[in-house]
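Have a look at the structure below, then the notes.
Each reported figure results from applying straightforward, stated rules to the coordinates on display, with no laboratory input. As the structure is a prediction and not an experimental result, all values here were calculated from the model. Cβ sites come from the backbone with ideal geometry, for glycine too, and all protein chains shown count toward neighbours.
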Amino acid sequence: MSKFDNDFTYYTDLINSNTNFAYARYADGEVQLMKGNPIGNNSQAFMVDKWSSPNTMTKVGLQLLESLKHKEKNYHFAISGKNDNLADYEFLTERIPNDNLTFANLWINANYQKMMKFYNSLKKEVYLICNYKAKPSNFPFKVAEIFPFPDDCITYFNDLGEDYLKQLLDYTSQVKDKLFLVSAGPVSEILIHEMYNTNPNNQYVDVGSSIDEFVHCRKTRPYMDPNSIYANEKSNF
């Protein structure tokens, strides 16, 4: 069995356990922001997820770089595989001082259908940080609270990130042993970094677009179609 399969089992079991940990995901969008490169109107980010970024280093890019510095044993980094994007893999592994590495695509592609079964079997109460359109009743697990995030995540966080973080951290600092699933684009990694630093006694997991069918009530990515070529794609190191 491949590491892509084994890691899926390992991390879903970790979510089901009582172990507190952080799981932050970094792929092409995050890397471009950390390089200060533009993400324009012809990108999936803009056309599907409705965010973009200018041709300059932004506050988000700088804070993403800062979030790579975790050395803690219970802080995990999900990154691009060599076969996903070799340049992104090298950029990230050169900067992450941590051996807890898995795949940015772990919840999607060939593992997506298993992830949907996992969500349907999840018994834990979940705190969600995701798009403002999400409704608790659309999820197959119990939603304790939704912290809504807008479509244009980069502009919003560059302008109002400090206010959002203050309210979020005021809340997360008061709870313990809770599961937070995060899907706020590249800002997710900054939120997980800040929440973990404030209170490491919870589970903070970036689930990305794997919850889109619950949030938007439609398929937003080709891999969601089991007949697509992406539905069989596995990452490797």
Two-site label geometry, residue 87 and residue 152: point separation in nm, points 7 Å out along Cα→Cβ: 2.8
Using θ = phi - 60° and Karplus 6.51 cos²θ - 1.76 cosθ + 1.60, couplings along region 138-145 (whole Hz; Gly, Pro as x): 7, 9, x, 10, 6, 9, 7, 6
Euclidean distance between Cα centres, region 156-230 to region 50-75, Å: 14
Charge dipole of the chain about the Cα centre (unit charges at C-beta), most positive-ward option of 107, 139, 236: 139
16 Å Cα-Cα reach of residue 3 towards lysines, excluding residues that sit fewer than 8 places from it in its own chain: 82, 114, 234
Test item: Cα-centred dipole of the chain, Lys/Arg +1 and Asp/Glu -1 on Cβ, debye: 540
Cα-centre dipole for region 69-171 with unit charges at Cβ (Lys and Arg positive, Asp and Glu negative), debye to 20: 660
Kirkwood Rh in Å, taken over all unlike Cα pairs in the chain: 17.9
Full-stretch length increase - residue 176, residue 219 - with 0.36 nm per residue and alpha-carbon distance subtracted: 12.1 nm
Residue-by-residue Karplus 3J(HN,Hα) for region 219-235, coefficients 6.51, -1.76, 1.60, Hz, glycine and proline x: 7, 10, 9, x, 5, 6, 7, x, 8, 7, 5, 6, 5, 10, 7, 10, 8
FRET efficiency, residue 56 to residue 98 (Cβ-Cβ, R0 25 Å, nearest 0.05): 0.30
Gained length - residue 167 relative to residue 137, 0.36 nm times residue gap less alpha-carbon distance: 8.4 nm
Relative contact order (percent, whole number), region 131-215, Cα cutoff 8 Å, 6+ residue spacing: 33
Normalised contact order of the chain, rounded percent, pairs of Cα under 8 Å and 6 or more residues apart: 25
Inter-label distance, nm, simple model (7 Å from Cα along the C-beta direction), residue 121/residue 69: 4.0
Mean Cβ count within 10 Å, highest first, over the residues of peptides 140-150, 177-187: 177-187, 140-150
Dipole of the chain [Lys/Arg +1, Asp/Glu -1 at C-beta], most positive-end residue of 32, 204, 97: 204
